[in-house]
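J.: One structure, pasted below without further comment.
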Amino acid sequence: MTQRGLDELRKADLIACEDTRTSLPLLRHFGISRPLAAYHSFNEREKAEELLSRLAGGARVALISDAGTPGISDPGYEIVRQCIAAGAEVTVLPGATAFVPALILSGLPPYPFLFYGFLPDKKGEREKAILSVASLPWTLIFYLSPHKAEKHLGHLLELLGDRKAALVREISKIYEEARRGTLSFLTESVREGVRGELVLVVEGASPSAPSPEVWRGRAGELLKEGKSPREVVKILSGEYGLSKNEVKSFLFTEGKE
């Protein structure tokens, strides 16, 4: 906690917390006693309107989350959006954000990078999400749930190929760990289970990788020549170094539209 953060919490008329049971011990530790309100993902929209009403009445409202920075995979975006739209003053104090130290610890190029957050749970939606960033030459950052880590790592491996990657867990805590290697290595490393908050950092596509328009055009040409989809997959993965699943996804879904 920074001194300015503590000062702002002490001056607040109301502190909105992701979970008051988690925030209360922290506030007590610093001797801060202010009214609390629950503000979480299940009541975010409705509660944002209530907090905005308090702000309009002249109240000073602070927002804190259980871990990390509000608005980054935590509640906060909705109230910030509404405050800006209403012309209310908003400020953000620097705080813990897991993906930044994970990016540095990975040893992969720190810029440019794309922070995606959590991937979708449904396989079809997750496939679309992964393929949407597959050709970007930027370092990719994902948040992973421990009990879904093996499944999601395996899916990334299928669609992106065996890229360099790092799995960083429990950042800034006693059991902090950075596993570096390839996606296949990391998938195997979590097979027996993994605990803690996880950040996955993945190498971007090779700068020489063709744009989707280029290889998809080539796919169309090969199909017109009479090549079977299986042959097209083999040819394109060989010519451009593409993931076979990426080509299959196009041929058997998008390519038919």
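J.: Please work out which residue is surrounded by the fewest Cβ atoms within 10 Å (Cβ to Cβ), limiting yourself to the stretch 133-151 and to residues that are in a loop (DSSP other than H, G, I, E, B) and in contact with a Ser or Thr (Cβ under 9 Å, 6 or more places away or on another chain).
T.: Applying the filter and picking the extreme gives 137.
J.: So which strands (runs of 3 or more DSSP E) stay within the stretch 34-120 end to end and still have 1 or more residues that are more than 24 Å from residue 1 (Cβ to Cβ) and in the same structural domain as residue 176 (by TED's automatic domain parsing)?
T.: Counting at least 1 such residues, we get 113-118.
J.: Among 33, 23, 65, which is the only one that is closer than 28 Å to residue 201 by Cβ and of a type outside the set (A, V, I, L, M)?
T.: Selected residue: 65, the only one of 33, 23, 65 that is closer than 28 Å to residue 201 by Cβ and of a type outside the set (A, V, I, L, M).
J.: Here's another thing I want to ask about it. Going by what's in this entry, would residue 48 be described as surrounded by 13 or more Cβ atoms within 10 Å (Cβ to Cβ), more than 23 Å from residue 99 (Cα to Cα) and free of Cβ contacts under 8 Å to residues at least 24 places away in the same chain?
T.: no
J.: Starting from residues that are under 16 Å from the mean Cα position of the chain (by Cα) and not aliphatic (A, V, I, L, M), keep the ones in the stretch 152-171 and report whichever is surrounded by the fewest Cβ atoms within 10 Å (Cβ to Cβ).
T.: Going through the qualifying residues, I end up with 170.
J.: Quick test of your reading of the structure: residue 180 fulfils all but one of (1) of a type in the set (D, E, K, R); (2) outside any helix (DSSP H, G or I); (3) closer than 25 Å to residue 125 by Cα. Name the failing condition by number.
T.: (3)
The values are calculated or read from the model by the stated rules, or taken from the named source; none is laboratory data. Predicted, not measured: the structure shown is a model, and the values here were computed from it. Heads up, the Cβs are rebuilt from the backbone with ideal geometry, glycines too, and the neighbour counts pull from every protein chain shown.
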